[in-house]
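Everything below concerns the one structure shown next.
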Amino acid sequence: SQYLSQSNHYRGCMKHLVKEEQYQKTKAIVVKFGEPGGTGELLQKKLLERSDKTYNWVYDYWLEDMYLNQRLALPVNSNPAMVFPKQNFKDRKDSLRFAAHLITGVLEYKERIDTRVLPVDFARGQLAGTPLCMKQYYRLFNTYRLPGHKRDTLVIHKPGSIEQEHIIVACKNQFFVLDLVVNKKKLKEMDILTQLEKIVKMAENSEERQPPFGLLTSDGRTEWAQAREVLIKDSVNRESLAVIEKCLCVLCLDNPSGMEVGDTSRALLMLHGGGHEKMGANRWYDKPMQFIVGEDGVCGTVCEHSPFEGIVLVACTEYLMKFMTGSPSKMGRATSVSELPTPARLLWKTTPHIQDLLKASAERLQRLVRDLDMDVHKFEVYGKEFIKKQKMSPDAYIQVALQLAFYRCNGRLVSTYESASIRRFHEGRVDNIRSATSEALAFVKAMTDEKASLSDSEKMKQLWDAINAQTNYTITAITGLGIDNHLLGLREIAQELKMERPEIFTDETYVASNQFILSTSQVPTTVEMFCCYGPVVPNGYGCCYNPQSDHLLFSVTSFHGSTETCSAVFIKALDEGLVEMRDLCRKSNKPQSSAAPAASKAVVNNQGAGSKLPSTLQKTMK
Ligand code: COA
């Protein structure tokens, strides 16, 4: 029955997003799929068997589908970035002091991970209080995304499996090995600073300069896999790659980019480095944690996404920010300067063929850089406190506002992705909250096409319906009852059984349901910084938001190449919609008595849902 209600849910999500004729076709396909004794029943049975044998039946399928099978370049298309507050460095040395302090913080945080003293996270917001799976933290510094011809591999180094702990420092497109343990002593901050100073000096030496090999990691995954195969024919390249692949993290010491320093330009520098002529080659995009420290004060991280979600990244980077402001630099030494070996520059063997590959990667990165249309915007009229005062979920409210903005710009709603954490389950990553609900469509129409013909109280009722639908979907998704992971599981198990792909997955509606023209995610922070990422389809928007008590921060991305999108236009529509929604709430004085309680009732009903979870999802973090 769970499975039947899921198929109804799928239809409900798509009915208003496709043409009626197409919907009728889909309905017939879904009904046939779900018939007793039909394909759906068989696949569901197999999925249940899989769930008995695995900690988390969807994790591997999800990881491959979401990341490892994807062939697009990592910068912009996949790697999110976290932009730190702009720093005011006096000079290069000052920026190196910051970098040494940051790396000291990284080592302290890693020590907490290794000694397993990180406190367990508990859910906040909806259904607060449940303990959350911590596995993602254990992949922050010991993983690497290895490119493959058809599928990448997430390599996980076991703790203690690498004899020498080191980071890679990128400077002027050169890569250096900074060993963190010398003569069995851990380097202190002063030692790290000394080593960074040596690295900067070595990078200046143009005679020893190596080609910008980091560029290859910015290319499409298949292109990079092919290039890597050429590279590893030579032992020098093999050794350099092996050292990079086993490092804890990459520290990118950037030169000033020459760009005007604002939120948007800083976000761009994090996402793609400004292209190969700026800092785009001073990166190694496969490495999950890359810290960027620019001489001009532009700092942050860009992350390979497959090992962890933005929320874990926030926890780590907030720790680092607090470490840096809370603990002044301790410039003690563990070892005398004369004992510190000179950091090794990684060497590369090139051939004319490899030079061509580098050139091709540089051109493709440049295209990506030119195409990205980014707008970081602080909406300062109000923040989540105002929304809470309306007794509405701030997240649901913002999602409805995003739907309104999209409708304003395009006159329709589209498949929308909002990440919902499922860390309540072992190995849980995310499922999807499909925010383009039919209730949201009714509301956005009420605020636009039907604006003149509807009263404020009718509009307010529509707003409440949209908020309630969104809040209910959130609860459904975070308790493991979303439809996206379930459909993915059924599709993949059919593939494993070598069945012909069932019609439900070749149907036009299913294809449209997975084209996330609006890809959104809440990444809240408690210190001053923000997250951003690119769109996931050529004609789409990426929208990452950070709700604060008195303002809302939005990072909106799209591609110039699409005639259907424009980040500035979207932001303008969002601004207008948020103001109109506030005015509507204000005018209606208090929440509608008939609709408001439905929100809290929905929560109560769903809180009990845990006991009704299918066995596939019972392995919660109790
Ligand atoms: N009235 C008053 N206050 C309300 C309310 C209501 N009806 N509903 C919610 N609130 C409060 C909550 O109690 C919470 O309070 P807090 O700030 O004191 O904790 C706050 O508003 C926020 O709640 P809400 O806006 O409903 O959102 P949430 O925190 O539950 O978040 C998701 C919803 C979907 C974003 C969250 O569950 C999630 O999955 N986050 C992870 C997303 C992710 O993975 N991002 C990274 C992807 S890389």
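Couple of notes before you dig in:
- Checked against (1) out of contact with any Ser or Thr (no Cβ under 7 Å at 6 or more places or on another chain); (2) open to solvent by less than 10 Å² (accessible area, probe 1.4 Å); (3) away from the ligand (no atom under 16 Å from the Cβ); (4) in a helix (DSSP H, G or I), THR335 meets all criteria but (4).
- Hits in segment 293-329 (condition: open to solvent by 10 Å² or more (accessible area, probe 1.4 Å), within 16 Å of the ligand (Cβ to nearest atom) and of a type in the set (Asp, Glu)): GLU309, GLU318
- Matching helices (runs of 4 or more DSSP H) fully within segment 434-513 where at least 1 residues are hydrophobic (A, V, I, L, M, F, W, C) and more than 29 Å from the chain's Cα centre (by Cα): 438-447, 456-478
- Any hit, segment 2-11, residues being part of a helix (DSSP H, G or I), surrounded by fewer than 17 Cβ atoms within 10 Å (Cβ to Cβ) and of a type in the set (Gly, Ala, Ser): yes
- On the stretch given as segment 451-478, residues that are among the small types (Gly, Ala, Ser) and either surrounded by 24 or more Cβ atoms within 10 Å (Cβ to Cβ) or within 16 Å of the ligand (Cβ to nearest atom) (or both) total 3.
- Residue in segment 74-87 that is out of contact with any strand residue (DSSP E or B) (no Cβ under 6 Å at 6 or more places or on another chain), at pLDDT 95 or above and part of a helix (DSSP H, G or I) present: no
- Helices (runs of 4 or more DSSP H) (entirely within segment 348-425) containing at least 1 residues that are within 14 Å of the ligand (Cβ to nearest atom) and buried (at least 17 other Cβ atoms within 10 Å of the Cβ): 384-389, 394-410
- Within segment 119-153, considering residues that are loosely packed, with under 15 Cβ neighbours inside 10 Å and among the aliphatic types (A, V, I, L, M), the one nearest to the ligand (Cβ to nearest atom): ALA128
- Residue check, LYS459 charged (D, E, K, R), more than 30 Å from VAL120 (Cβ to Cβ) and in contact (Cβ under 8 Å) with a residue 24 or more places away in the chain: yes
- Taking residues in segment 390-406 that are closer than 18 Å to HIS377 by Cα and at pLDDT below 95, and partners anywhere that are near the ligand (Cβ under 7 Å from one of its atoms) and in a helix (DSSP H, G or I), not one pair has Cβ atoms closer than 6 Å while being at least 6 places apart or on different chains.
- When every residue of segment 276-292 is checked against the conditions, none turns out to be outside any strand (DSSP E or B), open to solvent by 20 Å² or more (accessible area, probe 1.4 Å) and closer than 23 Å to CYS544 by Cα.
- Contact map, segment 427-441: first residue at positive phi, second residue open to solvent by less than 20 Å² (accessible area, probe 1.4 Å) and at pLDDT 95 or above, Cβ cut-off under 7 Å, separation 6 or more or different chains; pairs are GLU427/CYS133.
- Total residues in segment 461-502, condition more than 20 Å from GLN6 (Cα to Cα) and of a type in the set (Phe, Trp, Tyr): 1
- Segment 500-521, subset hydrophobic (A, V, I, L, M, F, W, C) and over 20 Å from LEU43 (Cα atoms), residue least open to solvent (accessible area, probe 1.4 Å): LEU518
- From the list LEU497, LEU481, LEU441, the lone residue that is among the aliphatic types (A, V, I, L, M), open to solvent by 10 Å² or more (accessible area, probe 1.4 Å), away from the ligand (no atom under 15 Å from the Cβ) and under 27 Å from GLN126 (Cα atoms) is LEU441.
- When each of GLU304, GLU363, GLU318 is tested for being more than 22 Å from the chain's Cα centre (by Cα) and acidic (Asp, Glu), the lone residue that passes is GLU363.
- Qualifying residue in segment 211-219 (condition: of a type in the set (Asp, Glu) and either closer than 20 Å to VAL106 by Cα or in contact with a helix residue (DSSP H, G or I) (Cβ under 6 Å, 6 or more places away or on another chain) (or both)): yes
- Residue within segment 101-118 that is outside any helix (DSSP H, G or I), touching a strand residue (DSSP E or B) at 6+ places or on another chain (Cβ under 6 Å) and either more than 16 Å from the ligand (Cβ to nearest atom) or open to solvent by 20 Å² or more (accessible area, probe 1.4 Å) (or both) present: no
The values are calculated or read from the model by the stated rules, or taken from the named source; none is laboratory data. Since the model is a prediction, treat every value here as computed from it, not as a measurement. Here the Cβ is made from the backbone with ideal geometry for all residues, glycine too, and neighbour counts use every protein chain on show. For the accessible areas, the whole protein counts, side chains as well, though only heavy atoms, and no ligand, DNA or RNA atoms are used. Shrake-Rupley method; radii C 1.70, N 1.55, O 1.52, S 1.80 Å.
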